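One structure is given below, encoded as structure tokens.
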Amino acid sequence: MKIALIGYGKMGKAIEEIAVRRGHEIVLKIDEYNLEDFNKENIAKANVAIEFTGPHSAYENVKKALEFDIPLVCGSTGWLDKMEEIKTLCNERKGSFIYASNYSVGVNIFFELNKKLASLIAPHKDYEMQVTEIHHTAKKDAPSGTAITIAEQILETIPRKKSWVNHISDDPEELEIISERIDPAPGIHKVKYSSAIDDIEIIHTAHNRQGFALGALLAAEYIKDKKGIFSMKNVLSL
């Protein structure tokens, strides 16, 4: 498989390392120093593109890649207010697109555990809940996209919580997400349910970026010859 990397920071380099080990070829690397190379002629050399940049550039990168008709895997967070526009564009162009707030296989299993635990807790109103996420200080958005996914899964399942907030709250209808930035943490996500009787917690701790990079490559391998909008649930058959 021939891959274009849109974003060649720490994640891009981790993806490259695993891709080469899996027998793939990186045919294009785009970063802030060669943006002019992100064009239709160059992207046509690839079977699939993988985009990991940041909130400031992700939307334009995704839009451009879909307009170039390249199957696209996107892992950038902080731009999801424009997701519906991207889905519309993808459908109009009969394109191929996967977005995930987190590509780690372990985190996507964690998402399924989170939904199940929330459904079991829902009838028991004596439990209060909180989401905590810890990342390195270079992470640009807070809360993390993964924490938002976790919180929104809880909101869908527990009706007494109406919205999430990124601070401590006394409002019983608000779900707290607490964000901490501590080096060198690559990513810790915790959901805690507390009552006067006991606590229940589920925690995912990333030890490095390899899990995210491998998951993104699995997504690229899955989408390269497909049309439509997919998720990691499709990739992992969850």
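The values are calculated or read from the model by the stated rules, or taken from the named source; none is laboratory data. Since the structure is predicted, the reported quantities are computational estimates derived from the model, not experimental observations. FYI the Cβ positions are ideal-geometry reconstructions off the backbone, even for glycines, and counts take in every protein chain you see. Quick note on the areas: whole protein, heavy atoms, side chains included, nothing else; ligands and nucleic acids left out. Shrake-Rupley method; radii C 1.70, N 1.55, O 1.52, S 1.80 Å.
Data table
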| quantity | calculated |
| --- | --- |
| Checklist (1) exposed (fewer than 15 other Cβ atoms within 10 Å of the Cβ); (2) in a helix (DSSP H, G or I); (3) in contact with a helix residue (DSSP H, G or I) (Cβ under 7 Å, 6 or more places away or on another chain) applied to Lys233, failing item | (3) |
| Check on Lys125, modelled with pLDDT of 95 or more, surrounded by fewer than 16 Cβ atoms within 10 Å (Cβ to Cβ) and outside any loop (DSSP other than H, G, I, E, B) | no |
| Condition check for Ala220: touching a Phe, Trp or Tyr at 6+ places or on another chain (Cβ under 8 Å) and crowded, with 20+ Cβ neighbours inside 10 Å | no |
| Pair list, Cβ under 8 Å, 6 or more apart: segment 208-236 residue more than 15 Å from Ile50 (Cα to Cα), other residue open to solvent by 40 Å² or more (accessible area, probe 1.4 Å) and not in a helix (DSSP H, G or I) | Lys227/Lys94 |
| Residue count for segment 56-81, restricted to those that are in a helix (DSSP H, G or I), at pLDDT 95 or above and within 23 Å of Val235 (Cβ to Cβ) | 7 |
| In segment 188-217, residue farthest from Ile109 (Cα to Cα) [restricted to those that are open to solvent by less than 20 Å² (accessible area, probe 1.4 Å) and over 17 Å from the mean Cα position of the chain (by Cα)] | Tyr193 |
| Answer from Leu80, Leu113, Leu120 - the residue that is touching a residue at least 60 places away in the same chain (Cβ under 8 Å), over 30 Å from Glu36 (Cβ atoms) and open to solvent by 10 Å² or more (accessible area, probe 1.4 Å) | Leu113 |
| Yes/no for Ile50 being in a strand (DSSP E or B), within 13 Å of Ser76 (Cα to Cα), touching a residue at least 60 places away in the same chain (Cβ under 8 Å) and open to solvent by less than 10 Å² (accessible area, probe 1.4 Å) | yes |
| Residue, least open to solvent (accessible area, probe 1.4 Å), within segment 86-99, restricted to residues that are out of contact with any strand residue (DSSP E or B) (no Cβ under 8 Å at 6 or more places or on another chain) and touching a residue at least 12 places away in the same chain (Cβ under 8 Å) | Leu89 |
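Every residue, every condition in (1) under 18 Å from Glu67 (Cα atoms); (2) open to solvent by 50 Å² or more (accessible area, probe 1.4 Å); (3) of a type outside the set (A, V, I, L, M, F, W, C); (4) out of contact with any strand residue (DSSP E or B) (no Cβ under 6 Å at 6 or more places or on another chain), yes or no:
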residue	(1), (2), (3), (4)
Ala14	no, no, no, yes
Arg22	no, yes, yes, yes
Val27	no, no, no, no
Leu35	yes, yes, no, yes
Phe38	yes, no, no, no
Asn42	yes, no, yes, no
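Conditions tested, residue by residue: (1) polar (S, T, N, Q); (2) touching a Ser or Thr at 6+ places or on another chain (Cβ under 8 Å); (3) open to solvent by 60 Å² or more (accessible area, probe 1.4 Å).
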| position | (1), (2), (3) |
| --- | --- |
| Asn108 | yes, no, no |
| Lys139 | no, no, no |
| Gly145 | no, yes, no |
| Ala151 | no, no, no |
| Leu155 | no, yes, no |
| Ile168 | no, no, yes |
| Ser179 | yes, yes, no |
| Pro186 | no, no, no |
